[in-house]
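The values are calculated or read from the model by the stated rules, or taken from the named source; none is laboratory data. The model shown is predicted, which means the values in this text are computed figures rather than measured ones. Counting neighbours? That spans all protein chains shown, and the Cβs are built from the backbone with ideal geometry, glycine included.
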Amino acid sequence: MAEPVIVCKGLSKIYDTLEGGTVRALDRIALEIREGELLAVVGPSGCGKSTLLKIFAGLLPKSEGEVSLRGTPVAGPRRDIGVVFQDAVMLPWRTVLDNAMLPADVQDLDRAAYLPRALALLDLVGLKGFEGKYPFELSGGMQQRVAITRALVHDPAVLLMDEPFGALDAMTREQMNLELQRIWLESRKTVLFITHSIPEAVFLGDRVVVMTPRPGRIAEVIEVGHPRPRSLEIMATPEFGRRTAHIRQLLNAGGAID
Ligand SMILES: Nc1ncnc2c1ncn2[C@@H]1O[C@H](COP(=O)(O)OP(=O)(O)O)[C@@H](O)[C@H]1O
Ligand SMILES: [Mg+2]
């Protein structure tokens with residue numbers, strides 16, 4: 001099997017609080033993200049999901065343990081990752097294309113070399129014809145498509161997504177789940193997808209990491225065997241129901257309410 005893209009061992013995070021105390025947000029997390037997989041992480045609000053993602057991205061220092069990306073320890077912000085957050089942060093004065101090109105501009109990369117890639121990615125995410133539009137002209141789902149394009153434009157080793165569809169209405173969210181699956185099937189990027197929705201995690205994930213409430217630990221890692229492409233109809237199958245019920249049980253056992 002190929003070398004995992006991200007490996008973490010004994011990873012803990014302890015925050016200092018403003019009151020002078022400490023909060024243990026992550027407790028001895030051991031996890032591997034395999035090359036080309038879509039790994040979903042599900043857990044209740046406050047269990048440390050965003051903390052985990054920020055540490056993987058090099059945006060936050062860890063307290064204990066080891067994290068490496070493609071065999072190199074993560075010690076600060078890295079160029080070879082792409083991140084999508086819940087709110088698609090767009091620069092309002094830039095067009096869709098220029099927002100997508102932002103990493104190339106910020107990292108001072110050769111614009112001409114990245115332009116064809118940005119255009120191809122906008123096509124891939126279903127935004128062909130919208131290149132010259134401005135963010136205010138786009139729906140929330142379309143803005144997240146731009147955010148995905150932007151996160152992929154510099155061809156990162158891994159795409160880290162923190163509840164990327166959490167702010168969308170239920171129907172748009174389902175459509176974006178289908179879209180993400182399609183984008184992933186075509187690009188075969190390694191993806192870490194964080195969510196607090198159990199069905200979303202089971203629908204999207206090759207594996208689902210279930211986290212306990214704070215301090216975040218891994219309760220179980222579940223292999224999801226559904227073949228792809230998966231349609232939304234699988235959510236009505238007994239197998240899907242059994243999986244989501246099992247995860248809900250794990251979360252409830254940990255004292256969490258979904
Ligand atoms: N900068 C911070 N200082 C202190 N505590 C924090 C900070 N950031 C997050 N926390 C705490 O750490 C825990 C995990 O937060 P977070 O990673 O945002 O959880 P999640 O993304 O799963 O909702 C929460 O209890 C939160 O209040
Ligand atoms: Mg979060």
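Taking the range 57-68 as the range and being more than 13 Å from residue 25 (Cβ to Cβ), in contact with a helix residue (DSSP H, G or I) (Cβ under 9 Å, 6 or more places away or on another chain) and crowded, with 19+ Cβ neighbours inside 10 Å as the test, only 67 passes. One residue alone among 51, 95 is of a type in the set (Ser, Thr, Tyr), modelled with pLDDT of 95 or more and over 26 Å from residue 31 (Cβ atoms), and that residue is 95.
On the given criteria, is residue 166 in contact with a His (Cβ under 9 Å, 6 or more places away or on another chain), assigned to a loop (DSSP other than H, G, I, E, B) and either within 16 Å of ligand 2 (Cβ to nearest atom) or touching a residue at least 40 places away in the same chain (Cβ under 8 Å) (or both)?
Numbers: in contact with a His (Cβ under 9 Å, 6 or more places away or on another chain): yes; assigned to a loop (DSSP other than H, G, I, E, B): yes; either within 16 Å of ligand 2 (Cβ to nearest atom) or touching a residue at least 40 places away in the same chain (Cβ under 8 Å) (or both): yes.
It is true that residue 166 is in contact with a His (Cβ under 9 Å, 6 or more places away or on another chain), assigned to a loop (DSSP other than H, G, I, E, B) and either within 16 Å of ligand 2 (Cβ to nearest atom) or touching a residue at least 40 places away in the same chain (Cβ under 8 Å) (or both).
Among the criteria (1) closer than 19 Å to residue 189 by Cα; (2) surrounded by 15 or more Cβ atoms within 10 Å (Cβ to Cβ), the one residue 71 does not fulfil is (2).
Of the residues 201, 170, 147, 157, which single one is more than 16 Å from ligand 1 (Cβ to nearest atom) and at pLDDT 95 or above?
Details: 201 fails: more than 16 Å from ligand 1 (Cβ to nearest atom); 170 fails: at pLDDT 95 or above; 157 fails: at pLDDT 95 or above.
Every option except 147 fails the conditions.
Would you please name the residue that is nearest to residue 72 (Cα to Cα), looking only at residues in the range 5-27 that are polar (S, T, N, Q) and part of a strand (DSSP E or B)? Filtering first and then ranking leaves 12.
Out of all the residues in the range 74-82, is one or more in contact with a helix residue (DSSP H, G or I) (Cβ under 9 Å, 6 or more places away or on another chain), of a type outside the set (Ser, Thr, Tyr) and part of a strand (DSSP E or B)? Looking for residues that are in contact with a helix residue (DSSP H, G or I) (Cβ under 9 Å, 6 or more places away or on another chain), of a type outside the set (Ser, Thr, Tyr) and part of a strand (DSSP E or B), one finds at least one in the range 74-82, hence yes.
State yes or no: is residue 54 under 25 Å from residue 196 (Cα atoms), free of Cβ contacts under 8 Å to residues at least 60 places away in the same chain and surrounded by fewer than 21 Cβ atoms within 10 Å (Cβ to Cβ)?
Working: under 25 Å from residue 196 (Cα atoms): yes; free of Cβ contacts under 8 Å to residues at least 60 places away in the same chain: yes; surrounded by fewer than 21 Cβ atoms within 10 Å (Cβ to Cβ): yes.
For residue 54, the condition - under 25 Å from residue 196 (Cα atoms), free of Cβ contacts under 8 Å to residues at least 60 places away in the same chain and surrounded by fewer than 21 Cβ atoms within 10 Å (Cβ to Cβ) - is met.
Looking only at residues of the range 9-38 that are within 16 Å of ligand 2 (Cβ to nearest atom) and hydrophobic (A, V, I, L, M, F, W, C), we find that the one that is farthest from residue 212 (Cα to Cα) is 23.
Here is the figure for the range 173-198: residues that are within 13 Å of residue 37 (Cβ to Cβ) and within 16 Å of ligand 1 (Cβ to nearest atom) total 2.
Take residue 22 and decide whether it is within 12 Å of ligand 1 (Cβ to nearest atom), of a type outside the set (D, E, K, R) and modelled with pLDDT under 95. No: the conditions fail for residue 22.
Give the number of residues within the range 195-245 that are in contact with a strand residue (DSSP E or B) (Cβ under 8 Å, 6 or more places away or on another chain) and in a loop (DSSP other than H, G, I, E, B). Reasoning before the result, please.
Taking the range 195-245 as the starting set, the residues that turn out to be in contact with a strand residue (DSSP E or B) (Cβ under 8 Å, 6 or more places away or on another chain) are 195-198, 200-202, 204-212, 214-224, 243.
Subset that is in a loop (DSSP other than H, G, I, E, B): 196-197, 205-206, 212, 214-215, 217, 224.
Matching residues across the range 195-245 total 9.
Among residues of the range 112-141 that are touching a residue at least 40 places away in the same chain (Cβ under 8 Å) and of a type in the set (A, V, I, L, M, F, W, C), those with a beta-carbon under 8 Å from a residue that is exposed (fewer than 13 other Cβ atoms within 10 Å of the Cβ) and in a helix (DSSP H, G or I) at least six positions away or on a different chain give the pairs 124/186. Which condition number does residue 65 fail, the rest of (1) under 18 Å from residue 214 (Cβ atoms); (2) assigned to a strand (DSSP E or B); (3) within 16 Å of ligand 2 (Cβ to nearest atom) being met? Residue 65 satisfies every listed condition except (3). No other residue among 148, 198, 194 is buried (at least 21 other Cβ atoms within 10 Å of the Cβ), away from ligand 2 (no atom under 16 Å from the Cβ), closer than 30 Å to residue 3 by Cα and in contact (Cβ under 8 Å) with a residue 60 or more places away in the chain apart from 148.
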